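The values are calculated or read from the model by the stated rules, or taken from the named source; none is laboratory data. Treat the numbers as computed from the prediction; the structure is a model and nothing was measured. Here the Cβ positions follow ideal geometry from the backbone for every residue, glycine too, while neighbour counts run over all protein chains shown. To get the accessible areas, we keep the full protein, side chains included, count just its heavy atoms, and leave off ligands, DNA and RNA. Shrake-Rupley method; radii C 1.70, N 1.55, O 1.52, S 1.80 Å.
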Amino acid sequence: MLAYLPRPPTDTSRYGTFPQKPDLPAVPGALAEDGGQQAAATAAKRGSPMPNYPSAARHSSFVPGEPSLPPSRGSLTTQHRGRPSWCPPPAPQEAGARLYPLHALSVANIPNSSRGKTSARSSTIPTPEGLQSRRCKLLEEDSPMVQAGKRQRQRYVTKVGKCQVNLGNIQDKKRFLSDIFTTIVDLKYRWFLFVFMMCYIITWVVFGFIYFLDAWVRGDIGHQGDPEWQACIEHVDGFVSALLLSVESQRTIGYGTRMVTANCAEGVVLLIAQSIVGSMIDAMMVGCMFVKISRPKKRAQTLIFSKNCVISCRDEKLCLMFRVGDLRESHMVDAKIRAKLIKSRQTAEGEFIPLEQSELNLGYDTGEDRLFLVEPQIICHVINRHSPFWDMSAESLRREQFEIIIILEGIVEATGNPCLAAGMTCQARTSYTEDEILWGYRFEPCMSLEKGAFQVDYSRFEMTFEVQTPAASAKELHELKELEQQGHSTLSLYWDHLLQSCALPGP
């Protein structure tokens, strides 16, 4: 539960860049040497270190053809383990550089010449080696990835689909006895077999004791071997023989040595009662055994999910994707898939909602959530304005705490018996935490055409590869796209106006 508690607002300076000394402009050749000698001589004469103020030459050192790009946020999350990619921190970002072009968001994935020049120029910052190493160590210790690895995360649903929720302090337990059939079916196999055996053993012992008591009261035990004695229960000389009579009567074995005669009415009534009780126990316990064995719960073991989720662009939209597959040749009928986001939050009124469940759209409005699960399929969740990941970037993903529950339901295909075809609904579940989501990756294809049929290679089911993906959130990408469209529309209007002006006749 502690893993889902909302965190206080985190200071962004912990994850951003640290203030550094402004870098000096790169002066070519002998000019740089002369300038360095003059600066050293001046500092020696004054007897105090020269302050590192930016000079006017910094503004004149603009390299033609080099784009002035802000530091990319893709470098914060493209590396999933090891030393953080933002150590040592890049140069501080200017205050006005908030909006940037689309290609600048993924500079960390695709190196170019401009980025190489920028990194080479920023590497000349005079930073003490000891201070820099201590700073990097501090950043690594404060990294959310390291903190997540140190603490033990309690999952809501395990990877195999088991819900980690224990119900306790139930006062009204008689509700379980009112639905005794479902209670017995839901028992574990060891307890179910124990109840199954005890139902028969207890009835045999109880009716055997009644047979023994009746034979002892009537005197049948003391007159064994007397041909003139009219016994109610013949050949019962002790409790063991009475127990054998109870077993033979209830299981209709009928060896012929011990039996109930017509000399007493209570013996006939007792035999009828045992037959009725035995039939009821057979109907209930055999029915429970049949339902428990025929439940398609184990069918979910052959429905597999990918170990990780991936986030990348598909059709110019940021999407969260995972892969599902069926290992059996008998397919699922009417398979449906849905997803739930488990996350704690605090309302505007201050109410804390632990483990709130919200729906993730997997295509239920378009019918894409209904699967024909013949081959492994990649399930896609489009991150739009209705998605809870709308304003989540690659950087903020590392600081979030949530869990995505995937539920796959379907009817087991008929096995030839019409009694087994109905009501066998199978459900497979799994979960993904924020640490199991890979930003900027896609799944590798695992299907090929061989010898006139499609061949599925499940050894490539979990494989992913890295692709160029913006590190910004879907909301920022949408706003950036709108700005680009507005810029294109303004340019087109200006061009049309210019053409109209040129088409007018001169004076």
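Table for the structure above
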read-out: The stretch 394-415, residues that are assigned to a loop (DSSP other than H, G, I, E, B) and open to solvent by less than 10 Å² (accessible area, probe 1.4 Å); value: Phe402
read-out: The stretch 184-224, residues that are more than 24 Å from Gln250 (Cβ to Cβ) and not in a loop (DSSP other than H, G, I, E, B); value: Tyr189, Arg190
read-out: Enumeration of residues in the stretch 274-300 that are touching a residue at least 40 places away in the same chain (Cβ under 8 Å), open to solvent by 40 Å² or more (accessible area, probe 1.4 Å) and assigned to a helix (DSSP H, G or I); value: Val277, Met284, Met289, Val291
read-out: Filter pass, Glu329 being free of Cβ contacts under 8 Å to residues at least 24 places away in the same chain and more than 27 Å from Glu409 (Cβ to Cβ); value: no
read-out: Flag if Tyr211 is within 30 Å of Asp179 (Cβ to Cβ) and of a type in the set (Phe, Trp, Tyr); value: no
read-out: Qualifying positions in the stretch 367-389 - more than 12 Å from Leu341 (Cβ to Cβ), open to solvent by 30 Å² or more (accessible area, probe 1.4 Å) and either free of Cβ contacts under 8 Å to residues at least 12 places away in the same chain or in a loop (DSSP other than H, G, I, E, B) (or both); value: Gly367, Glu368, Phe372, Val374, Glu375, Asn384, Arg385, His386
read-out: Total residues in the stretch 343-366, condition without any contact (Cβ under 8 Å) to a residue 24 or more places away in the chain and not in a strand (DSSP E or B); value: 8
read-out: Every residue from the stretch 430-478 that is charged (D, E, K, R), open to solvent by 40 Å² or more (accessible area, probe 1.4 Å) and touching a residue at least 60 places away in the same chain (Cβ under 8 Å); value: Asp435, Arg442, Glu462, Glu466, Lys475, Glu476
read-out: Test for Ile210: is it β-branched (Val, Ile, Thr), open to solvent by 20 Å² or more (accessible area, probe 1.4 Å) and touching an Asp or Glu at 6+ places or on another chain (Cβ under 6 Å); value: no
read-out: Qualifying position, being surrounded by 14 or more Cβ atoms within 10 Å (Cβ to Cβ), assigned by the TED database to the domain that holds Gly410 and hydrophobic (A, V, I, L, M, F, W, C), among Leu303, Leu270; value: Leu303
read-out: Those residues of the stretch 250-267 which are among the charged types (D, E, K, R) and open to solvent by 60 Å² or more (accessible area, probe 1.4 Å), in sequence order; value: Arg251, Glu266
read-out: Residues located in the stretch 327-340, provided they are open to solvent by 10 Å² or more (accessible area, probe 1.4 Å) and touching a strand residue (DSSP E or B) at 6+ places or on another chain (Cβ under 9 Å); value: Leu327, Arg328, Ser330, His331, Met332, Val333, Asp334, Lys336, Arg338, Lys340
read-out: Hits in the stretch 248-263 (condition: of a type in the set (Ser, Thr, Tyr) and in contact (Cβ under 8 Å) with a residue 24 or more places away in the chain); value: Ser249, Thr261
read-out: Where a residue in the stretch 147-167 is over 20 Å from Arg398 (Cα atoms) and its partner, wherever it lies, is open to solvent by 60 Å² or more (accessible area, probe 1.4 Å) and at pLDDT 85 or above, with Cβ under 6 Å and at least six apart; value: Val157/Cys163; Val157/Arg429; Gly161/Arg429
read-out: Members of the stretch 182-207 that are under 19 Å from Arg295 (Cα atoms) and open to solvent by 70 Å² or more (accessible area, probe 1.4 Å); value: Asp186, Lys188, Tyr189, Arg190, Trp191, Leu193
read-out: Residue among Ala231, Ala265 that is out of contact with any Gly (no Cβ under 9 Å at 6 or more places or on another chain) and farther than 28 Å from Val286 by Cβ; value: Ala265
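Results for (1) aliphatic (A, V, I, L, M); (2) modelled with pLDDT of 95 or more; (3) not assigned by the TED database to the domain that holds Ser431, shown as yes or no for each residue.
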position	(1), (2), (3)
Met321	yes, yes, no
Met332	yes, no, no
Lys336	no, no, no
Gly350	no, no, no
Gly367	no, no, no
